[in-house]
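Engineer: One structure, as structure tokens, below. Some questions next.
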Amino acid sequence: MGSIKVKLRQGKGTTQNIYIYFNYGRKKQYRYATGLSIKKASHWDPENNAVKNVIAEPDSSNINADLTELLNFSRQLLRDIEKDDNPIGNPFLKERISEFKNKGGSKKEVLMFTDHYTWFVDYYQSKPRPRSGKPLAKSTLKPYNNTLRILEDYEKYLGARLSFAHINLSFHSNFIQWLQNKGFTDNYIGTQIKNIKTVMNDGFDRGLHDILHFRKSAFTKPKEEVNHIYLNMDEIKAIKEIDYTDNPSYDRARDLFVIAAVTGLRVSDYKSLSSSNIKLFRTIKYLEVKTQKTGKIVHIPLHPFVTEILEKRDGEFPAMMPEQKINEALKFIGKKAELEDEIFLERTEGGNLTKTSFKKYELLTNHTARRSFCTNAYKAEMAVIDIMAISGHTSEKVFYNYIKASPMERLEKISKHAFFSKDVPDNSSIPEAEKNDTSDEN
């Protein structure tokens, strides 16, 4: 009875060529060169006659698919020959295998993960995502493109392409370690993992792969709480009242920041405000804005600070400035407003916990305004659902993580609740008959 074995033979350098050995008849053997090879002998799994799924062998899936087809055909060929008791020789085996290989059409090319990632970003710039029903917003495209750039750098570091099959738990730990070695923070690394999981999920839904390591609980995205600052209303007022008549650039940056701080709008939304966004409902003046990120229309009552800015500017909103220029100006504006509180930031950089001291004005950015709006509105006891309608947050969990009220500020707000008043109603005084009466009133 014939048998088939797979063996490696030394090629150039460390390259190992893959051969199929046919053992048949009395001490007869045929060695067939498959044309397949691997980079090192240590990348071979002899028990399964397959290439190991390692980064250094980016074509492992193709090689294994081709080799499996060849082995299945070869085994069936030997069985058929022995069954019919036909004479067999090396030329006959070579001819039959060559015929099988020349038929072609059975090889399926493995799509590289980064190729699909590139397609994902390009496609969803204009096409609606299945979950949201909308294309990727410009503000969302930027982090996706950053992740793609990082993945391409990682491929250069490895000297190999990443296929879907490579996105496993080993990739997860090695990729995170590589990013930590570059000094990135845990939250930044977490964004990269989140984006990778999203694109892997898209590939799975499209039937491009059946790899599910990315859904395992261990394939987590690093995350840590960062002490982002917010400005209370007194601090926002102090910024608003600085006289910048002699510095039009700072005056414009300050006004844009104050508008964002009392409307909760994202930079992408308040940069395009004009007088046409101002509407009137009965006696209520309000802003009507279609948000770029979600496409939803929000209605925001006109805050007195916004009214003062419009009066100063003859009814027009300040022209937008580059975001970086606003962030640079805010450091000087905050210093002039004497935002001198010492803030300690703890975060993990390069896998190490760091603690750094800053003056509050040093941490001022465009995004501080939106966080300030949400926190101040919460402290002012605006209903959370109403704040979320303006801010665009879709879950209370995300919202409560976003606002930055301190434990003592939360305590102060909670203490004003009727429950903690001595005059809180006591339902025990209501007669049982009335408590249980569910009849309709006429």
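The values are calculated or read from the model by the stated rules, or taken from the named source; none is laboratory data. Everything numeric here is computed off the predicted structure, so don't read it as measured data. All Cβ positions, glycine included, derive from the backbone under ideal geometry; neighbour counts span all protein chains shown.
Engineer: Can you name the residue in region 346-373 that is of a type in the set (Val, Ile, Thr) and in a strand (DSSP E or B) and, of all such residues, is surrounded by the most Cβ atoms within 10 Å (Cβ to Cβ)? Reasoning before the result, please.
Structural biologist: Within region 346-373, the subset of a type in the set (Val, Ile, Thr) is 348, 354, 356, 365, 368.
Filter again for in a strand (DSSP E or B), leaving 348, 354, 356.
On the way: THR348: 17, THR354: 11, THR356: 10.
Looking at residues that are of a type in the set (Val, Ile, Thr) and in a strand (DSSP E or B), I get THR348.
Engineer: Collect the residues in region 67-117 that are over 23 Å from GLU155 (Cβ atoms), at pLDDT 85 or above and charged (D, E, K, R), keeping them in residue-number order.
Structural biologist: GLU69, ARG75
Engineer: Still on this model: So, of the residues in region 220-253 that are aliphatic (A, V, I, L, M) and farther than 25 Å from TRP178 by Cα, which turns out to be modelled with the lowest pLDDT?
Structural biologist: Of all residues in region 220-253, those aliphatic (A, V, I, L, M) come to 226, 229, 231, 233, 236, 238-239, 242, 253.
If we keep only those that are farther than 25 Å from TRP178 by Cα as well, we get 229, 231, 233, 236, 238-239, 242, 253.
On the way: ILE229: 89, LEU231: 95, MET233: 95, ILE236: 96, ALA238: 96, ILE239: 96, ILE242: 95, ALA253: 95.
Filtering first and then ranking leaves ILE229.
Engineer: Right, next: Considering only residues that are in contact (Cβ under 8 Å) with a residue 40 or more places away in the chain and part of a loop (DSSP other than H, G, I, E, B), which ones fall in region 133-181?
Structural biologist: Answer for region 133-181, where residues must be in contact (Cβ under 8 Å) with a residue 40 or more places away in the chain and part of a loop (DSSP other than H, G, I, E, B): LYS134, ALA137, GLY159, ALA160, ARG161, LEU162, ILE167, ASN168.
Engineer: Identify the single condition in (1) at positive phi; (2) at pLDDT 90 or above that GLY25 does not satisfy, given that it satisfies every other one.
Structural biologist: Just one mismatch for GLY25, condition (2).
Engineer: While we're here: Could you tell me whether region 103-114 includes any residue that is without any contact (Cβ under 8 Å) to a residue 24 or more places away in the chain, surrounded by 13 or more Cβ atoms within 10 Å (Cβ to Cβ) and more than 30 Å from LEU77 (Cβ to Cβ)? Quick ask: steps written out before the conclusion?
Structural biologist: Of region 103-114, the ones without any contact (Cβ under 8 Å) to a residue 24 or more places away in the chain are 103-105.
Narrowing further to those that are surrounded by 13 or more Cβ atoms within 10 Å (Cβ to Cβ): none.
Scanning region 103-114, I find no residue that is without any contact (Cβ under 8 Å) to a residue 24 or more places away in the chain, surrounded by 13 or more Cβ atoms within 10 Å (Cβ to Cβ) and more than 30 Å from LEU77 (Cβ to Cβ), so the answer is no.
Engineer: Pick out the one residue from LYS325, LYS331, LYS240, LYS336 that is closer than 26 Å to PHE358 by Cα, charged (D, E, K, R), surrounded by 17 or more Cβ atoms within 10 Å (Cβ to Cβ) and touching a residue at least 12 places away in the same chain (Cβ under 8 Å).
Structural biologist: After ruling out the rest, the residue left standing is LYS240.
Engineer: Sticking with this one: Any idea which residue in region 274-291 is nearest to the chain's Cα centre (by Cα), counting only those that are within 17 Å of GLY264 (Cα to Cα) and not β-branched (Val, Ile, Thr)? Full working, then the answer.
Structural biologist: Narrowing region 274-291 to residues within 17 Å of GLY264 (Cα to Cα): 274, 277-278, 285-291.
Filter again for not β-branched (Val, Ile, Thr), leaving 274, 277, 285-288, 290.
Working: SER274: 32, ASN277: 32, LYS285: 38, TYR286: 34, LEU287: 31, GLU288: 30, LYS290: 24 Å.
Checking each candidate, the answer is LYS290.
Engineer: Oh, and also: Scan region 208-231 and give yes if some residue there is under 30 Å from VAL262 (Cα atoms), out of contact with any strand residue (DSSP E or B) (no Cβ under 9 Å at 6 or more places or on another chain) and surrounded by 20 or more Cβ atoms within 10 Å (Cβ to Cβ), otherwise no.
Structural biologist: yes
Engineer: Test of understanding: among TYR19, TYR32, which residue is of a type in the set (Phe, Trp, Tyr), free of Cβ contacts under 8 Å to residues at least 60 places away in the same chain, assigned to a strand (DSSP E or B) and not assigned by TED's automatic domain parsing to the domain that holds PHE171?
Structural biologist: Numbers: TYR32 fails: free of Cβ contacts under 8 Å to residues at least 60 places away in the same chain.
After applying the criteria, what remains is TYR19.
Engineer: Between a first residue in region 47-60 that is more than 22 Å from ASN72 (Cβ to Cβ) and a second residue that is surrounded by fewer than 19 Cβ atoms within 10 Å (Cβ to Cβ) and of a type in the set (Ser, Thr, Tyr), which pairs have beta carbons less than 9 Å apart while being 6 or more apart in sequence or on different chains?
Structural biologist: Taking only residues 6 or more apart or on different chains, the pairs are VAL54/SER42; VAL54/SER170; ILE55/SER170.
Engineer: Hey, could you check region 131-181 for residues that are closer than 17 Å to LYS197 by Cα and among the charged types (D, E, K, R) and say which is nearest to the chain's Cα centre (by Cα)?
Structural biologist: LYS142
Engineer: Which numbered condition trips up ASN376, out of (1) crowded, with 18+ Cβ neighbours inside 10 Å; (2) in contact (Cβ under 8 Å) with a residue 24 or more places away in the chain; (3) assigned to a loop (DSSP other than H, G, I, E, B)?
Structural biologist: Unmet for ASN376, out of (1) crowded, with 18+ Cβ neighbours inside 10 Å; (2) in contact (Cβ under 8 Å) with a residue 24 or more places away in the chain; (3) assigned to a loop (DSSP other than H, G, I, E, B): (3).
Engineer: May I pose another question? Please work out if LEU78 is in contact (Cβ under 8 Å) with a residue 12 or more places away in the chain, of a type outside the set (Phe, Trp, Tyr) and assigned to a helix (DSSP H, G or I). So that I can check it myself, show each step before the final result.
Structural biologist: On the way: in contact (Cβ under 8 Å) with a residue 12 or more places away in the chain: yes; of a type outside the set (Phe, Trp, Tyr): yes; assigned to a helix (DSSP H, G or I): yes.
Spelling it out, LEU78 is indeed in contact (Cβ under 8 Å) with a residue 12 or more places away in the chain, of a type outside the set (Phe, Trp, Tyr) and assigned to a helix (DSSP H, G or I).
Engineer: Further, regarding this structure: Please go through region 32-67 and give me each residue that is exposed (fewer than 13 other Cβ atoms within 10 Å of the Cβ) and either touching a His at 6+ places or on another chain (Cβ under 9 Å) or not hydrophobic (A, V, I, L, M, F, W, C) (or both), ordered by number. Break it down into steps so the answer makes sense when it comes.
Structural biologist: Going through region 32-67, the residues exposed (fewer than 13 other Cβ atoms within 10 Å of the Cβ) turn out to be 33, 35, 41-42, 45-48.
Listed by number, the residues that qualify are GLY35, SER42, ASP45, PRO46, GLU47, ASN48.
Engineer: Now, a different point. Please pick out the residue among SER274, SER217 that is at pLDDT below 95, closer than 27 Å to GLN292 by Cα and either assigned by TED's automatic domain parsing to the domain that holds ASN352 or of a type in the set (Ser, Thr, Tyr) (or both). Steps first, answer last, please.
Structural biologist: Values: SER217 fails: closer than 27 Å to GLN292 by Cα.
The match here is SER274.
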